[in-house]
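Have a look at the structure below before the remarks.
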Amino acid sequence: MIKMENIRKVYNTGKVEVEALRGVDLQIRRGDFLTVIGPSGSGKSTLMNIMGCLDKPTSGEYTLNGQNIKDMDDNTLSELRNKEIGFVFQNFNLLPYASAYENVEMPLLFAGVSGKKRREKVISILNKVGLADRMRHKPNELSGGQKQRVAIARALVNSPNIILADEPTGNLDTQSGAEIMQLFVDLWKEGNTIIMITHDPRAKDYTNNFITIMDGMIKA
């Protein structure tokens, strides 16, 4: 599903070069639930950006579902990203004036899905995450856990091959965080491939594989 070979990422900040990733090798199989654990500054956000086709490595090879991103232009990368990956963010990234239903519907609108099919998919996915009775509520009318469920539904609605979650429980209380982790486990058991980026080592207890990243290198 994902294959990274000797991935390096260097940022130029004036006269200083910062090496965020230092020769990362990584393979993720279809159906994996992988946790990437590391503290701030470890390189995990850079790794996530490359995995999610939001950025390109300085050197090395990255193949996503059989496609090498090396020579892709921005438009092709965007199309690949929209097709292959569903994103879940720590801050939810929901449209504040749109209902839960409208937030989940947005990717389908961009994809040109017809009205009837959009409605069927949105209602089905909101049912899956346990929010059918909140679909007309706006984000300010939802709890943190409910907002993250909306974000997960939005990530799932286009049936991506990979769910990429960046600190998905970072803004949640303990109980809500545990409920969201259990939801990810349920989605994984249904066959979804999930990659979770986190600073919390407890997250690995929910997944079938984990790696630790430190100073831009995989340690375990």
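The values are calculated or read from the model by the stated rules, or taken from the named source; none is laboratory data. This is a predicted model, so every value here is computed, not measured. Positions of Cβ are backbone-derived with ideal geometry, glycine not excepted, and every protein chain shown enters the neighbour counts.
Residues in the range 165-174 include none that are over 27 Å from Leu54 (Cβ atoms), among the small types (Gly, Ala, Ser) and in contact (Cβ under 8 Å) with a residue 24 or more places away in the chain. When the residues of the range 117-132 are filtered to those that are of a type in the set (A, V, I, L, M, F, W, C) and part of a loop (DSSP other than H, G, I, E, B), the one that is surrounded by the fewest Cβ atoms within 10 Å (Cβ to Cβ) is Leu131. If only residues of the range 152-178 that are part of a helix (DSSP H, G or I) and surrounded by fewer than 18 Cβ atoms within 10 Å (Cβ to Cβ) are counted, the one that is nearest to the chain's Cα centre (by Cα) is Ala178.
Can you confirm whether the range 69-79 contains a residue that is outside any strand (DSSP E or B) and either within 30 Å of Leu142 (Cα to Cα) or touching a residue at least 40 places away in the same chain (Cβ under 8 Å) (or both)? Looking through the range 69-79, none of the residues is outside any strand (DSSP E or B) and either within 30 Å of Leu142 (Cα to Cα) or touching a residue at least 40 places away in the same chain (Cβ under 8 Å) (or both). Of all residues in the range 41-65, those that are closer than 17 Å to Ile28 by Cβ and at pLDDT below 90 have Cβ atoms under 7 Å from Cβ atoms of residues that are of a type in the set (Asp, Glu) and assigned to a helix (DSSP H, G or I), 6 or more apart or on another chain, in Asn65/Glu84. Of everything listed in (1) at pLDDT 95 or above; (2) within 21 Å of the chain's Cα centre (by Cα); (3) of a type outside the set (Asp, Glu), the single unmet condition for Asn6 is (2). Selection of the range 200-209 for residues being surrounded by 14 or more Cβ atoms within 10 Å (Cβ to Cβ) and outside any loop (DSSP other than H, G, I, E, B) yields Ala203, Lys204, Tyr206. Please find, within the range 180-199, the residue that is modelled with the lowest pLDDT out of those that are surrounded by fewer than 18 Cβ atoms within 10 Å (Cβ to Cβ) and not hydrophobic (A, V, I, L, M, F, W, C). Taking the candidates together, the pick is His199. Just to be sure, is Met106 surrounded by fewer than 19 Cβ atoms within 10 Å (Cβ to Cβ) and out of contact with any His (no Cβ under 8 Å at 6 or more places or on another chain)? Yes.
Restricting the first residue to the range 1-13 and requiring it to be within 16 Å of Arg30 (Cβ to Cβ), which pairs with a second residue that is aromatic (Phe, Trp, Tyr) and part of a strand (DSSP E or B) meet a Cβ separation below 9 Å and a spacing of at least six or different chains? The qualifying pairs are Ile2/Tyr62; Lys3/Tyr62; Met4/Tyr62.
If you go through the range 145-201 and pick out every residue that is among the acidic types (Asp, Glu) and within 19 Å of Leu47 (Cβ to Cβ), you end up with 3. Scanning the range 133-151 for residues that are assigned to a loop (DSSP other than H, G, I, E, B) and without any contact (Cβ under 8 Å) to a residue 40 or more places away in the chain, we see that the one that is farthest from Lys121 (Cα to Cα) is Ser143. Screening Ile195 on (1) over 20 Å from Arg30 (Cβ atoms); (2) in a strand (DSSP E or B); (3) touching a Leu at 6+ places or on another chain (Cβ under 7 Å) shows it passes everything except condition (1).
Residues that are at pLDDT below 95 and not in a loop (DSSP other than H, G, I, E, B) within the range 89-100 comprise just one, Phe89.
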